[in-house]
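**Student:** Just passing along the structure, written as structure tokens.
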Amino acid sequence: MDRAAEALTPGTPSRYPYFTSLSLAISGPYKPNNNPSGRIMSVVWKIRVRQWGLEKNPLIPEPTTSHPLQGVKDRTLKQAGLVYEKKSRPTVQPMMIDPLSSVLDGPDPLSDLLGASDPLSGKAFPSASRQAMEADKDTEMAITDSRHSTWEQHRAFILSNFTTTGTLTFTSSFLQPSDSAESRAVPLHRRVVKTQTAVTERHRTPGMSGSERIRARLEQLDTLDEMSGGGVVREVGGLTQEEFTHRLNGLKQELTEAWQSDQRVKALKIAIQCVKLLSLSVPEHFYPSKFVLVIDILDTLASLVYQRLKFKSQSENFPVGGSDTGKLEAQETTRNWFYKVASIRELLPRLYLEAALLPCYSLINVQEGEQALSRLSRMIRGIGDPLMAAYARMYVCRMGFVIAPTLTQHISESIEDFLHALKQGLWPEGEADMNMGEDKDSLAARVFFPPLEWMMQCLASCAPHHILQSILRQCEEGEGLGQNLLVSSLLATFPHHFIALQALPLTHLIAGCSYPGKLQHELLSSLGVCVNQAAPPQQQQLPLLNAVWKLIARVPNTKDYLSTAGIWLEFTAKHFTSVEVNTLLGDVLKHVGTDRSHDQTHYPAMLALVSTALTNSTDPHSLFSMKHFLGLLNVFQRDSVSAGDGVTRGVVEALLTHHPGDFTDPILVQHLLTLCGALHDSINALTTDDERRQLSQLIISFIRQVNFGRDFEQQLDFYVNARAAFSNLDTVLVSLVQCVCRLAMATWNVMHSQHSGKTASFVRACAAYCFITVPSLAYSTTRLKLYLLSGTVALINNCLGQVEGNDSLYGGDPKVQQEAEQLCTTLLHNILLHIQSLTGIHEKRCGPLAFSLFWCIVTWCDLTQPQMMKVTSQIWSLVLKHCHPETVVQARDWISRHSVHQKHTSLAQLVRHGQA
Amino acid sequence: MDGIASVQLSPRSAGLIESLVNSSKPISLISQSVEVTKSGRIPSGQTEIPFELPLNPRSSSKILYETYHGVYIMVQYSLRCDIKRSLLAKDVSKSQEFIVEYKPGSGDSEEEKVVNFEIRPETLQNVRDRARIPQFLVRGHLDTSIFPLSKPLTGELTVCECERGISSIELQLVRVETCGSTEGYTREASEIQNIQIGEGDVCRGIAIPIYMVFPRLFTCATTVAPSFKIEFELNIVIIFDNDHLVVETFPIKLIRS
């Protein structure tokens, strides 16, 4: 009964016009009760016979010009493109196109913003250099094409990678008076504030002779690096990194303020003092960050100076001589700046300041600037500390790239000098300040890498081929840390095609790099990344792979091994057949097998291997028949504990995405079934609905991809197994029922609608499958739909015994009709009673109730019956009494319009009568 | 109107050369006067009076030296304008220094020669205790010994070997003023610029550039006059990590070119 009632819910149009709907005539005694009208009422319920096919309102398609989901579609396409680029994380895009989830998974507006370049960060670059750069837009374009990273990226990398927990010392005469240790509440034992008078150390020796005194005086006059008159050098020790940074930023602020209040010399002095902070290389692991912070200040000054000079040279409001005078004056001022800077006594500040002002040469003579550039890069040779020298080189190269991006001579020289300095040995034994147990070699490799990388990338972006060749030769001649760093920065910065050409010699170089700075596997990985971007010549590929894999196989740490192997697997998959891929995977299995205790930790890496192999392979199909590939899948299957961590899901996704066509191999299907079963088993009370939905979709797409062709028995077997495995996911079960129905219909098609004895029993098995499965579903609507579907299928296939659930069969049964009539009559009676009992403040509820009841009767009842008509008129009077006149008018209009073709003249009369 | 050029010995030179100071009066190099306008009334408002004075030495034996303000020696040229007025009013006078510089290229063009040098413990003079000097060898060269003032001083040096650590390598520009007459002379050296070219224990075997821009205020062309001399020297100072230092001195000639 309840099923029948559902089938007749208005708004659920029957898809099968030959079904007759319930036609119940209800007649029964009505017990009179006090009603509002006071009359005794006899209630009957008689149901009208419906002609759904005729009543159905066909939807007329309208042509459209724009796709309502256009935006979504675009995004999906975009994301599909992304998927191919990001090979590491494949999705199951092609199978399930859910526009909502694809929007969600794709770049949402927020992450779009994240990905876009921040317009503000661009401004951080000193405008002086920027302007100079803009002068040569083409070069800039070339840079973005190459592997050149920007200074901002470099800066951010350095700041986040070189930190210290130790204490730092800050020396400056520009520290605020309030900046004493007391005001900062520094613990007493950490308070170190020293002051010294403005006389530099050398002049403090007692008993100075007259000439020495004069010399001291002159030095004070001549050089700017001494303290401002009466200034006191404060040295504040025991600072944390944050405090140190804060102080530097404070000085930057002060520099800008000084400049704006026309105290240019003070601004220059502040910059000089900041650079002096760089002449202390300890702690080494913080030096790079210190460098970057100081460079910020230098950049600020440089841009202020440049802007002022530029403005001077362009301004034309000179009373006499016009713009030329302005230009000459600007040149004179520029020279004055260089004179000032040239007289700075100490090497480091002089070097940095002149480098910072290099762009100003463009106002005098570009050639002079280029000469100054090469002179500056040679002057760095005078810096004894290799670390300080390296970072100075980085700065000069950076400024050089700004003023003369095509010059490479000075970079090559710098690199040579850099290597030479490293050969002389690093900091003396025991002097280096170790950072939390980091050993000296790796610290050295870490701190020396950024400058070299920067120089190399400057070189790589503009130098001709033969220069790069010469660097490669230097790699071969190099030794120790220098060679190691050079090779790794070469791999990181040089153009891919260059590296691809030289891949084989580079591999031999890597094999020879014994220094424990950058590890061999890191170098191999970088090389792999390059050859994946640009392929080496055909005849080199096999020797290259052999040489590389020999090295990879010796990588001791399994994690490192797997990451490197993953990168080279991509290369192998791209350029070789599945046989080679299989061989490599065999090696991987051997490695992982020996390290079984830590299996779990390597799952993500191994998953990456699987998806790499699948994504890049030229013939993924053959891969699935490879022994070691299946072996790899076996590893994941071995225990289901991993199901929760997404690895299994990743494997399944990868397999589904990259498997060409349907799954026909029973072994592979079995593998997948097990994996999906593990996924299913991982669902528990804590699983979110969304996750549940995603897993269901994944499993469904798997089920739909399984196809055993004409072997219907096996297909059904698979569905049976699947039902057993995924019993907790309703949507999967729904999908299974649909699949089985399809299978039955496929059988029917094959047999040309004439079942043999064997197929008949098979189809019956299918129908039985459906009827066993459907009752376990939670949602009644779904259940009903599936019953209808499977019933239809069963009917078509002549499985009358299985059509049992169909409404049409027992919907017309007189017994059922009678039962329904009785129930409805009782119900109607009760409702009327209820309406009558509504008095007082509840009276207002009569209206809606009566109105609904009226519609119910008008829709479902057979109004040709006089008793029924009587009830209707009664209720109509209730409606008139309690409802809003507007509602009544609307109802009346509707009835008048529809009663014409429904032949309800009596009803129309009733309504009109009521109005009268 | 007159123009006066004078050479004075600085009153600051004390002690030894006091007697000399007293004896040597400022030498007048040039002294001319010319009447730029005849006596009469100057109309109220701004009046520009053009004038011209040839820069001719006072006598043929005198040379016009370049303007120079040193500690002991000063070459100064000035213009003074006097307005003589009637007896009742005071004369008005205003003096203004002007600078005399030789035309570039007017100096005698001597051949530029590279100055090679080598500093070893053995080459050092004035060593008290040779045993305390570490073994070292520094080679290098100055591009020339005659430098135009407008161009930087250039060259390079290489620390070939050194058994001690080096803490700094510096270039010291020293000006030597010699004042003298027939009775004797006095020589005073003062550092006018010190530039560090090597900081810390520099790499061995690599050429470090020697580069110094001459400070404009404290340099002039090397000048040799009968009663005074202005000369320049370059000191290369190598300071070891125990604060001992080694100095090598090179006389250099500065020219206006």
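**Student:** Heavy atoms of the protein only, probe of 1.4 Å, neighbouring chains included. What is the accessible area of A:Glu243 in Å², nearest 10?
**Tutor:** Probe radius 1.4 Å; accessible area of A:Glu243 about 50 Å².
**Student:** Here is a follow-up. Rounded to the nearest 20 Debye, what is the dipole magnitude of region A:527-632 about its Cα centre when Lys and Arg each give +1 and Asp and Glu each give -1 at the C-beta?
**Tutor:** 160
**Student:** Another one. Counting only Cα atoms, I'd like the Rg/Rh figure for region B:159-257, Kirkwood definition for Rh.
**Tutor:** Over the Cα atoms of region B:159-257, Rg/Rh equals 1.08.
**Student:** With just the Cα atoms of region A:441-597, tell me how far they stretch along each of the three principal axes, in Å, largest first.
**Tutor:** 43, 36, 21
**Student:** Would you mind computing Rg(Cα) / (2.2 N^0.38 Å) for region B:24-76, counting N as its residues?
**Tutor:** Normalised Cα radius of gyration, region B:24-76: 1.66.
**Student:** Okay, moving on. Given the options A:Cys360, A:Met394, A:Gln314, identify the residue whose Cα lies farthest towards the positive end of the charge dipole of region A:283-395 (+1 on Cβ of Lys, Arg; -1 on Cβ of Asp, Glu).
**Tutor:** A:Met394
**Student:** HN-Hα J couplings of region A:771-779 from phi, Karplus 6.51/-1.76/1.60, θ = phi - 60°, integer Hz, Gly and Pro as x?
**Tutor:** Each residue's phi maps through the Karplus curve to give 6, 7, 6, 4, x, 7, 6, 7, 8 Hz.
**Student:** Can you run phi through the Karplus equation (6.51, -1.76, 1.60; θ = phi - 60°) for region A:392-403 and list ³J(HN,Hα) in whole Hz, with x for Gly and Pro?
**Tutor:** Each residue's phi maps through the Karplus curve to give 4, 4, 4, 5, 5, 4, 5, 5, x, 5, 6, 8 Hz.
**Student:** Another question about this same structure. What does the average come to when, for each residue of peptide B:202-213, you count the partner chain Cβ atoms lying within 10 Å of its Cβ?
**Tutor:** Mean shielding by partner chains, rounded to a whole number: 6.
**Student:** Whose amide H sits under 5 Å from the amide H of A:Arg345, counting only residues 5 or more places off or on another chain, with H placed in the peptide plane?
**Tutor:** A:Leu224, A:Asp225
**Student:** Here is the link list: A:Lys266/A:Lys290; A:Lys46/A:Lys870; A:Lys550/A:Lys590; B:Lys113/B:Lys151; B:Lys103/B:Lys151; B:Lys38/B:Lys84. Which ones come out longer than 18 Å on Cα distance?
**Tutor:** A:Lys266/A:Lys290
**Student:** For a quick check of your reading of the filter: which chymotrypsin sites (Phe, Trp or Tyr not before Pro) in region A:695-789 sit in a DSSP loop and have no more than 16 other Cβ atoms within 10 Å?
**Tutor:** Within region A:695-789, the qualifying chymotrypsin sites (Phe, Trp or Tyr not before Pro) (loop, at most 16 other Cβ atoms within 10 Å) are A:Tyr779.
**Student:** What FRET efficiency, computed as 1/(1 + (r/R0)^6) with R0 = 41 Å and r the Cβ-Cβ distance, is obtained for B:Glu118 and B:Asp82, rounded to the nearest 0.05?
**Tutor:** The pair B:Glu118/B:Asp82 has a calculated efficiency of 0.10.
**Student:** What is the magnitude of the charge dipole of region B:65-154 about its Cα centre, with +1 placed on the Cβ of each Lys and Arg, -1 on the Cβ of each Asp and Glu, and no other charges, expressed in debye to the nearest 20?
**Tutor:** It comes to approximately 480 debye.
**Student:** Using a probe of 1.4 angstrom, how much of the accessible area of region A:716-858 is carbon and sulfur, in percent?
**Tutor:** About 60 percent, which is the carbon plus sulfur part of the accessible surface.
**Student:** Could you please report the charge total around B:Val92, scoring K, R as +1 and D, E as -1 over all other residues with beta-carbon less than 14 angstrom from its beta-carbon?
**Tutor:** With Lys, Arg at +1 and Asp, Glu at -1, the net is +3.
**Student:** So, one more: How much net charge surrounds A:Gln738 when only other residues with a Cβ under 13 Å from its Cβ are counted (Lys, Arg +1; Asp, Glu -1)?
**Tutor:** +3
**Student:** Of A:Ala778, A:His680, A:Ala746, which is farthest on the positive side of the dipole of region A:671-828, counting Cα position, with +1 on Lys and Arg Cβ, -1 on Asp and Glu Cβ, and the Cα centre as origin?
**Tutor:** The one lying farthest along the dipole's positive direction is A:Ala746.
**Student:** Right, here's the next one. Nothing charged except the Cβ atoms of Lys and Arg (+1) and of Asp and Glu (-1): what's the magnitude of the dipole of region A:363-504 about its Cα centre? Round to the nearest 20 debye.
**Tutor:** Dipole of region A:363-504, to the nearest 20 debye: 440 debye.
**Student:** Compute the signed sum of charges (Lys and Arg +1, Asp and Glu -1) over the other residues within less than 12 Å, Cβ to Cβ, of A:Ile703.
**Tutor:** Net local charge, A:Ile703 excluded: +2.
**Student:** In whole Å, what are the Cα extents of region A:731-784 along the three principal axes, biggest one first?
**Tutor:** Largest to smallest, the principal-axis extents are 36, 16, 15 Å.
The values are calculated or read from the model by the stated rules, or taken from the named source; none is laboratory data. All values reported here derive from a predicted model rather than from experimental measurement. Positions of Cβ are backbone-derived with ideal geometry, glycine not excepted, and every protein chain shown enters the neighbour counts. Surface accessibility is based on the protein's heavy atoms, side chains included, excluding ligands, DNA and RNA. Shrake-Rupley method; radii C 1.70, N 1.55, O 1.52, S 1.80 Å.
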